[in-house]
Amino acid sequence: MNALLALFGVAILFVIAYLGVDVLGLHSLFGIVLPYAAIFLFLIGFVVRIFQWAKSPVPFRITTTSGQQKSLNFIKSNNLESPHNTTGVIGRMALEILFFRSLFRNTKAEVKENERIVYGPDKWLWAAALAFHWSFLIVFLRHYRFFAEPVPEFILKMQAVDGLFQVGTPIVFLTGLILLASVTFLFLRRVVLPQVRYISLLADYFALFVIMAIAISGLLMRHFYKVDIVGVKELAMTLVGFKPVVPEGIGFIFYVHLFFVCVLFAYFPFSKLMHLGGVFLSPTRNLANTNRIKRHINPWNYEVKTHTYEEYEDEFRDVMREAGLPLEKES
Amino acid sequence: MSDIAKKEDLAKVDLNPPKKDWMDPKVEFKKGTYNYGSNPGSMKYLGMPFVRKLDPTAEDWELPENWKEIILEGLRDRIKKYRSLRIFMDCCVRCGACADKCHFFIGSGDPKNMPVLRAELLRSVYRKDFTTAGKLLGKMAGARELTVDVLKEWFFYFYQCTECRRCSVFCPYGIDTAEITMMGRELLHLVGVGIDWITTPASNCFRTGNHLGIQPHGFKDSVDFAVDDLEDLTGIRVDAPVNKKGAEILFVVPSADYFGDPHYFGFLGYLALFHEIGLDYTFSSYASEGGNFGLFHSSEMMKRLNAKIYAEAKRLGVKWIIGGECGHMWRVLHQYMDTMNGPADFLEVPKSPITGTTFEHAKSTKMVHICEFTADLIYNNKVKLDKSRNDHWKVTFHDSCNTSRAMGLVEEPRYIINNVCNNFWDMPENTIKEQTFCCGSGSGLGTDENLEMRMRGGFPRANAVKFVHEKHGVNLLSCICAIDKATLPPLMEYWVPGVEVGAVHELVGNAIVMKGEKRTTDLRSQPYETEEPEAEAVKAEEAN
C-alpha cells in the first residue's frame, strides 16, 4: 500500500514535468528556477540539520564496543572495533562509512523445529547497499563533466574505467547499470521480505522510486532518446556561472531527469536521506572507548539529591554500633 | 515455572509479521509478559511524581490531566540534551538489519520487538510533533498522535527491551535502542508510570546502600557469614573488613553477590583470592551495591545512586576502587560514573599492590574490574592455581551485554577461565563477545510475573548453551553479571536442564591453592571428583 502510494506520488511528479515542459513549455522554470531552488533548499536544509545535531550536546560517552578494549598489556586490544585513540576512531569510522562494516556483520536468524535457532550469514543487504552508494557516488561525480570546461583529468579517468567494456555507442557506464540494479534490488527486498515490508514507510519507497526515476531517465537519455548534449552542457555551464540561459531543443527526457534530481535535492534534508550526515555524528560509533582513561564532560551535568553518608549513619547509628561497625559520630 | 507454556510450544515462533498495521497501538497485557507497576511507597521515598499504584491492565491509568504536555515537553527537552536521541530519531532508514538481532523478537516473533519498530513507537510521535513532514502529512509521513494507547504501548515495549545494545552493533548508523528505551522510560516516569522491580530496588539502594534493603548490620552479618563459610570449606579464616578507613582499596560488588545463589560462591572466591594475595581492602555498607537500578529509570536516578561510590571512597580515604562481577553495574561505572560524579581527583591511579601493574586504562575513573585485576595477578604468577579442582565442570562463558558492548571486556574473563579450569568451550561465534545474547531478564525485567517474556527473551542464549551442552557436555555456564546469575538458572532449567550457572570467581576460588588450606570440596561443598554420570542422573530425575 505504502509502495503504491509512493509510486503514485512519483508518477504525479512525472506528469508535472510532462505538463510543465512538453505542454506548457516552461523551460526556464524547469531548467533554471527549480534547479536553483532545489540546490538552495538542499544547502540550507542540510546545514541547518547538521547544525541542529551538532549543537545538541553529547552528555555521555556511549560507545558501542565491538571488540576487545585496551586494558592489560598481555591482552591484545582491537583498536578498530573498540578504539582507544583518535586513529582508532578514524579507522572505525572509515570502515563504517566507506565499507559499511556493521552491515557486513549481518546475519539471518531462523527458528527451526526442535527448539533450535540457526544463524546464517546474510551479506545481500551489505552488497546491495555498497553497490548502490558507491555507484551513485561515481555517477554523481561523473556529472561534473557538464559543469567544467575543460573536463578535469580525474573525471575522464573515472569515465574510462567506468566504461571499461566499451559496449555500445555511447559507451555504457557500468555504474549506471549497477545503480539501477541495486536500487531495484533494495526496492524488491522491501516488498518481498515480510519483516522489511512491515516496517517500510511511504517515505522509504518514495526515496527509492525517485532515485530509480533518476537512473532510468538518465539511462534513457544517454542510450535511447538522444538529447542535445551540447545544449545540456551549455545550460549547466551557465547555471554554475549564475548567468543561466536555456538553449532550445534539449529534449523532454532531459527535463524529466533534471526534475527528479531537483526533487531529490529538495527532499533530502527533510528525510531519512540525512543519514549521509548522521553517520558521521553517531555517538555510539564516533567516540573512542576511553571512558576510564579520560573524563568525559557533560555540559548540563547538574546537582542531584543524594542520600549522604551522614544521613545514612544518622538513621542506622544504633544498629551499626551494635554490629561493631566504625562510626563517624558517636551520637 | 508451572504456569508457563511448555518449551515445545513456546519455541514455535513465527518471525513473519501479522497483517495488522503496526501503527495501531492496542496492546494486550497478557499474564507473564509485563511487569507490575511501581510501589507507591518506593516512588514517594524517591520523590517521584504522580504517586499511585499503577495496574497496567486497568483501562484507566489515572494519568495526570496534562500528561500529554508533560511527555511532549519531556521529549523536547531530551532532544535538546542528547545528540544521540536526535540523530537516532532522524537517521533510521528502516533497512531492517536490526530486526532479527533482538532476543525478544527472535523469542516472541512480535514485530514491535524488532528494534527498528521499538524505536518507531517513539519516532512516530517525534515526527508528529517535531518535524514539518509529520505535521503536514501525518500518517503518510509515518507520524502518529500521542494517545493513551500509544503510552500504554510504550510501557509494554520499553519494558520488553533489556537495553542490551546488540542491535546497535549491527546498525549501520549505530542506532542504539537502549538509548531510545532509556528515554522512553524517563518520559513514562514523568507521568508516574514505571515498574516496581526497578523502583523498589532503587528506593532501597538510596536508603540502605543496596537494592535488597539490607541494613548495615545485616550487611556485616552477610560478610561474616561468608567468612565463616569459607573457614568451614578451607580451614582458613580470612579477614573481610567493612567500612575500614585507610584501606588501600574499596571493593564494591553487586548486592546479590553476598545474598544470592549462585552469586555467593563467587563472593567466597573473592574472599579467598584477596586473602591469599594479602590485599588491603574494605567493603562498605553505605556503598554496598555496585549495581544501579537507576540506570533503568533515568540518568538522574542513576547519578543519585552512583554518587555513593565516590563519596564513600573519599570518606574512607582509599586509594582506588575495584568492582565485582556485574554487567549493568559496569555500564554505569565505565560509561557514566566519572562523567556524572567525577572527577575522582582524590584517588590515585590504580596500581596493583601485588604485581605493581598500573592500570593506565582506568587512570581517570580509578576503578578496575575484578577480572582485569585477577587476570593481571595470574599473568604475573602471583597465585597458585590447581585447574584440576574444576575438572567436574565443563565450562562455557556468557558475555554480559554491558561488559562486552559497553566496555569491550571480552578476553580478560576468558584468560582467567583458561587458567583456572581445563575444560572450556565457547558458544558459537555469533552468540558471544560483541554479538552476545542477553539473558532476557536484564534492565529490571527479571520478575516472576514476567516469566514468559523472560523465557522467550532468553531463548537465543539458551539455544547457544544447548549447542555446547550437547556437543561438549558443557555443564556450567559461567558469567560475570549479577542479573545473569539470578536469571540464567531458571532459564537453563526451562530450556537446557543439566547446566548450572556460576561466577568466574567461583572457578577462581575453587582453583586457588591457599597456604595452609584443608579442602576436599569445591565452594559448593561438592567433592572435587564428582562422578559426572551420577550427577547427571540425579539432574534428570529432578527434571522429571
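The values are calculated or read from the model by the stated rules, or taken from the named source; none is laboratory data. Remember, predicted model here, so these are calculated numbers, not experimental data. Every residue, glycine as well, gets a Cβ built from its backbone with ideal geometry; the counts of neighbours run over all protein chains shown.
When you scan segment B:373-391, do you find a residue that is at pLDDT 95 or above, more than 12 Å from chain A (Cβ to nearest Cβ) and touching a His at 6+ places or on another chain (Cβ under 6 Å), even just one? Scanning segment B:373-391, I find no residue that is at pLDDT 95 or above, more than 12 Å from chain A (Cβ to nearest Cβ) and touching a His at 6+ places or on another chain (Cβ under 6 Å), so the answer is no.
Residues in segment A:21-40 that are within 19 Å of A:LEU239 (Cβ to Cβ), in a helix (DSSP H, G or I) and without any contact (Cβ under 8 Å) to a residue 40 or more places away in the chain: A:LEU29, A:VAL33, A:PHE40. For segment B:458-468, filtered to residues that are in contact (Cβ under 8 Å) with a residue 60 or more places away in the chain and not basic (Lys, Arg), the residue that is farthest from B:TYR494 (Cα to Cα) is B:VAL468. Here B:ILE106 fulfils each of the conditions (1) without any contact (Cβ under 8 Å) to a residue 60 or more places away in the chain; (2) crowded, with 24+ Cβ neighbours inside 10 Å; (3) touching a Leu at 6+ places or on another chain (Cβ under 8 Å) apart from (1). The set of residues in segment B:131-174 being more than 10 Å from every other protein chain (Cβ to nearest Cβ), among the aromatic types (Phe, Trp, Tyr) and either in contact with a Lys or Arg (Cβ under 7 Å, 6 or more places away or on another chain) or not in a helix (DSSP H, G or I) (or both) consists of B:TYR157, B:PHE158, B:TYR159.
The sole residue among B:GLU325, B:GLU348, B:GLU276 that is more than 10 Å from chain A (Cβ to nearest Cβ), touching a strand residue (DSSP E or B) at 6+ places or on another chain (Cβ under 7 Å), in a loop (DSSP other than H, G, I, E, B) and farther than 27 Å from A:LEU327 by Cβ is B:GLU325. If you take the residues in segment B:210-229 that are part of a loop (DSSP other than H, G, I, E, B) and polar (S, T, N, Q), which one is farthest from the chain's Cα centre (by Cα)? That would be B:GLN215.
With the structure loaded, tell me whether B:ILE198 is more than 13 Å from chain A (Cβ to nearest Cβ) and either in contact with a Leu (Cβ under 8 Å, 6 or more places away or on another chain) or closer than 22 Å to B:MET302 by Cα (or both) or whether it fails that test. Spell out how you get there, then give the answer.
On the way: more than 13 Å from chain A (Cβ to nearest Cβ): yes; either in contact with a Leu (Cβ under 8 Å, 6 or more places away or on another chain) or closer than 22 Å to B:MET302 by Cα (or both): yes.
For B:ILE198, the condition - more than 13 Å from chain A (Cβ to nearest Cβ) and either in contact with a Leu (Cβ under 8 Å, 6 or more places away or on another chain) or closer than 22 Å to B:MET302 by Cα (or both) - is met.
Selection of segment B:386-395 for residues being outside any loop (DSSP other than H, G, I, E, B) and touching a strand residue (DSSP E or B) at 6+ places or on another chain (Cβ under 6 Å) yields only B:VAL395. What number of residues within segment A:47-68 are without any contact (Cβ under 8 Å) to a residue 12 or more places away in the chain and touching a Phe, Trp or Tyr at 6+ places or on another chain (Cβ under 7 Å)? The total comes to 1.
State which residue is surrounded by the fewest Cβ atoms within 10 Å (Cβ to Cβ) when the search covers only segment B:230-273 and only residues that are outside any strand (DSSP E or B) and among the aromatic types (Phe, Trp, Tyr).
Keep residues of segment B:230-273 that are outside any strand (DSSP E or B), which gives B:230-241, B:243-248, B:253-273.
Applying the additional criterion that residues be among the aromatic types (Phe, Trp, Tyr) yields B:258-259, B:264-265, B:267, B:270.
Details: B:TYR258: 28, B:PHE259: 18, B:TYR264: 22, B:PHE265: 24, B:PHE267: 30, B:TYR270: 29.
The residue in question is B:PHE259.
Of all the numbered requirements in (1) touching a strand residue (DSSP E or B) at 6+ places or on another chain (Cβ under 8 Å); (2) part of a helix (DSSP H, G or I); (3) surrounded by 24 or more Cβ atoms within 10 Å (Cβ to Cβ), B:THR374 misses one, and that requirement is (1).
Of all residues in segment B:430-439, which are at pLDDT 95 or above and either outside any helix (DSSP H, G or I) or not hydroxyl-bearing (Ser, Thr, Tyr) (or both)? Lay out the reasoning, then the answer.
Of segment B:430-439, the ones at pLDDT 95 or above are B:431-439.
Of everything in segment B:430-439, those that are at pLDDT 95 or above and either outside any helix (DSSP H, G or I) or not hydroxyl-bearing (Ser, Thr, Tyr) (or both) turn out to be B:ILE432, B:LYS433, B:GLU434, B:GLN435, B:THR436, B:PHE437, B:CYS438, B:CYS439.
Pick out, from segment B:440-503, the helices (runs of 4 or more DSSP H) lying fully within it that include 2 or more residues that are aromatic (Phe, Trp, Tyr) and at pLDDT 95 or above.
On the way: elements: B:451-457, B:459-472, B:482-495.
Correct list: B:459-472, B:482-495.
Restricting segment B:302-316 to residues that are among the basic types (Lys, Arg) and in contact with a Phe, Trp or Tyr (Cβ under 7 Å, 6 or more places away or on another chain), which is farthest from the other protein chains (Cβ to nearest Cβ)? So that I can check it myself, show each step before the final result.
Residues of segment B:302-316 that are among the basic types (Lys, Arg), as a first pass: B:303-304, B:308, B:314-315.
Among the residues that remain, those that are also in contact with a Phe, Trp or Tyr (Cβ under 7 Å, 6 or more places away or on another chain) are: B:304, B:308, B:314-315.
On the way: B:ARG304: 5, B:LYS308: 7, B:LYS314: 9, B:ARG315: 6 Å.
Of everything passing the filter in segment B:302-316, B:LYS314 is farthest from the other protein chains (Cβ to nearest Cβ).
Pairing each residue of segment B:345-361 that is modelled with pLDDT under 95 with any residue that is of a type in the set (D, E, K, R), provided the two are 6+ apart or on different chains, yields no C-beta distance under 7 Å.
Residues of segment A:198-212 being under 16 Å from B:ASP90 (Cα atoms) and part of a helix (DSSP H, G or I), which ones? Don't jump to the end; show me each part of the working.
Just the residues of segment A:198-212 that are under 16 Å from B:ASP90 (Cα atoms), to begin with: A:199-204, A:207.
A:ILE199, A:LEU202, A:ALA203, A:ASP204, A:ALA207 - these are the residues of segment A:198-212 that are under 16 Å from B:ASP90 (Cα atoms) and part of a helix (DSSP H, G or I).
Filtering segment A:250-259 for residues that are within 14 Å of chain B (Cβ to nearest Cβ), buried (at least 17 other Cβ atoms within 10 Å of the Cβ), over 20 Å from A:ILE39 (Cα atoms) and in contact with an Asp or Glu (Cβ under 8 Å, 6 or more places away or on another chain) leaves an empty set.
Looking only at segment B:1-49, count how many residues are β-branched (Val, Ile, Thr), more than 9 Å from chain A (Cβ to nearest Cβ) and closer than 29 Å to A:VAL196 by Cβ. It would help to see each step written out before you state the result.
Filtering segment B:1-49 down to residues β-branched (Val, Ile, Thr) leaves B:4, B:13, B:27, B:33.
Pick out the ones that are also more than 9 Å from chain A (Cβ to nearest Cβ) and you get B:4, B:27, B:33.
Then keep just the ones that are closer than 29 Å to A:VAL196 by Cβ; that gives B:27, B:33.
So the count comes out to 2.
If you go through segment A:148-180 and keep only what is assigned to a helix (DSSP H, G or I) and surrounded by 14 or more Cβ atoms within 10 Å (Cβ to Cβ), you end up with A:ILE155, A:MET158, A:GLN159, A:ASP162, A:LEU174, A:THR175, A:GLY176, A:ILE178, A:LEU179, A:LEU180. Residue count for segment B:87-98, restricted to those that are touching a Leu at 6+ places or on another chain (Cβ under 8 Å) and assigned to a helix (DSSP H, G or I): 2. Among the conditions (1) hydrophobic (A, V, I, L, M, F, W, C); (2) surrounded by 24 or more Cβ atoms within 10 Å (Cβ to Cβ); (3) part of a helix (DSSP H, G or I), B:LEU72 misses just one, which is (2). Looking only at segment A:188-197, residues that are without any contact (Cβ under 8 Å) to a residue 60 or more places away in the chain and in a helix (DSSP H, G or I) come to 6 in all.
Of the residues making up segment A:281-293, those that are assigned to a loop (DSSP other than H, G, I, E, B), within 31 Å of the chain's Cα centre (by Cα) and facing another protein chain (nearest Cβ under 7 Å) are A:SER282, A:PRO283, A:THR284, A:ARG285, A:ASN289, A:ASN291.
Would you say B:GLY107 is under 26 Å from the mean Cα position of the chain (by Cα), within 12 Å of chain A (Cβ to nearest Cβ) and not in a loop (DSSP other than H, G, I, E, B)? Criteria met by B:GLY107.
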